[in-house]
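The values are calculated or read from the model by the stated rules, or taken from the named source; none is laboratory data. Because the structure is predicted, anything quoted here is derived from the model rather than measured. Positions of Cβ are generated from backbone atoms using ideal geometry, with glycine treated the same way; all protein chains shown enter the neighbour counts.
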Amino acid sequence: MCRVQSRLVRNPIAPARRIRLSADLHVTSKASKPAAPTSSRRAALKKPANAPAVKRARADAARNDVVQDDKALSRDRIVAVALEQIDRHGLAALTVREVARQLDVYPTAIYWHVPNRDALLAAVVEQTMSGVTPDLGSATWQDWLRELFVRYRKAVGQHPNVAQLVGAQLVSNANLSPLLIDRILCVLLAAGCPEDHLADMYNVVIAGMVGFVTLEFAPLPTDDSANWAAQLQERVHSIRAMEFPTLARHLPALANKAFIVRWQSGSEVPMESAFNAHVEVTIAGIERMLEAPEPANAASPRRSRGSR
């Protein structure tokens, strides 16, 4: 009887505990769920209805920035900086990356205007040669050639490191000047040059214009140029008179004033008188050829088969 009563006493409590546990679990499950977003959070999380328009506006702004940069960066400006780099550091030091760094742009921006380094070098030659070609006027063909040679030397003298580019690299032909070529041909034809000798005489003019100046403004070695110049000067002045009497006798007039025996470039020690002599000899040679336009080998006497 007691056992049954005790069981009956405990049993009424059990449902109450179950009810409380169930209620606690219900509360806990509610608490574990994330809180429903408020209206302000909903607005923040919600994707704006005009997202495509915003995206287009940002893209347009980016394109406008590129266009503004592109307008600020021109081909002429790139070529000017490249020429400045060549003047300061020499031809070998020119790179598209360095030009871009000087302009504070990425190298890819340079390639919008010039496709590669060779094209940039050709543009530098074109810039240097602008204004070299004289007008066709009433001057004689001899005076026209004199002015052409003088103008070219003056243009290259302002940028001596370009001399090797024009005179020794075919890349300079990429931006050839039809005006220069056409006027040289016109002058030669007006001087009486036969058409079958026109190419030869044209080559003589170009070689005369470019060749001397290329040698005159030849650059010094880039590695320790001061020491190189001192050693060459010492070697020139130590030539033995007994072994080379003619050279030793005329050395004072030749040292540092003539090709091969000089240790300074024409930008430091100009070769004015030698250049003038070169121009006159070239013109005199053309005059001689125009008077008797025979190939050099045809003018020389031929030996008979029996002669020795």
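Given the structure, is residue 146 in contact with a Ser or Thr (Cβ under 9 Å, 6 or more places away or on another chain), charged (D, E, K, R) and modelled with pLDDT of 90 or more? Before you say what the answer is, go through the steps one by one.
Working: in contact with a Ser or Thr (Cβ under 9 Å, 6 or more places away or on another chain): no; charged (D, E, K, R): yes; modelled with pLDDT of 90 or more: yes.
Here the answer is no, as residue 146 does not meet what is asked.
Has the range 200-213 got at least one residue that is of a type outside the set (A, V, I, L, M, F, W, C) and in a loop (DSSP other than H, G, I, E, B)?
For the range 200-213, residues of a type outside the set (A, V, I, L, M, F, W, C) and in a loop (DSSP other than H, G, I, E, B): absent.
Give me the residue from the range 104-157 that is touching a residue at least 60 places away in the same chain (Cβ under 8 Å) and among the hydrophobic types (A, V, I, L, M, F, W, C) and, out of that set, surrounded by the fewest Cβ atoms within 10 Å (Cβ to Cβ).
150
Taking the condition surrounded by 13 or more Cβ atoms within 10 Å (Cβ to Cβ) and either more than 30 Å from residue 143 (Cα to Cα) or not acidic (Asp, Glu) (or both), does residue 222 pass?
For residue 222, the condition - surrounded by 13 or more Cβ atoms within 10 Å (Cβ to Cβ) and either more than 30 Å from residue 143 (Cα to Cα) or not acidic (Asp, Glu) (or both) - is not met.
Does residue 87 count as in contact with a His (Cβ under 8 Å, 6 or more places away or on another chain) and modelled with pLDDT under 95?
Considered against the rule, which asks whether it is in contact with a His (Cβ under 8 Å, 6 or more places away or on another chain) and modelled with pLDDT under 95, residue 87 comes out as yes.
Would you list the helices (runs of 4 or more DSSP H) that sit entirely within the range 230-308 and hold 1 or more residues that are over 30 Å from residue 187 (Cα atoms) and at pLDDT 95 or above? It would help to see each step written out before you state the result.
Working: elements: 245-254, 272-291, 296-299.
Per the criteria, 245-254.
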